[in-house]
Amino acid sequence: MENTMCPVDVISMCSAGGEIRPLRLRLEQTHQLLRVDIDEVISVKDVQYVGIEAKIFLCRAMVDGKKTLFELKYTIRTHSWCLMRKVC
């Protein structure tokens, strides 16, 4: 899992109240697809970048046998997901 911002495919769940929660992500890494099941969403933060609304999810998952923290960004207007950074 890389530390750079890159678009990813995400399977997410929406509650009856409209809250969105990522469940699994998939990204291409050195010509292979890496699938990551998200174990826990630790926090969700609403942000605005130059008037563009987004949500930042701090998530925990097992990647290559290690617990990993990373941030996912969901841009509301474009309905797109991006892996922002690997925290540790």
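The values are calculated or read from the model by the stated rules, or taken from the named source; none is laboratory data. In this text, all values refer to a predicted model and were calculated from it rather than measured experimentally. The area values use the complete protein model at the heavy-atom level, side chains included, leaving out ligands, DNA and RNA. Shrake-Rupley method; radii C 1.70, N 1.55, O 1.52, S 1.80 Å.
Structural remarks
- Carbon plus sulfur fraction of accessible area for the chain, probe 1.4 Å, in percent: 51
- For the chain, the mean projected area of the C-alpha convex hull, equal to one quarter of the hull surface, is 5.9 nm².
- Heavy-atom accessible area per residue - the chain, 1.4 Å, Å²: 66
- Residue separation of ASP39 and ARG85 scaled by 0.36 nm, minus their Cα-Cα distance, works out to 14.9 nm of gained length.
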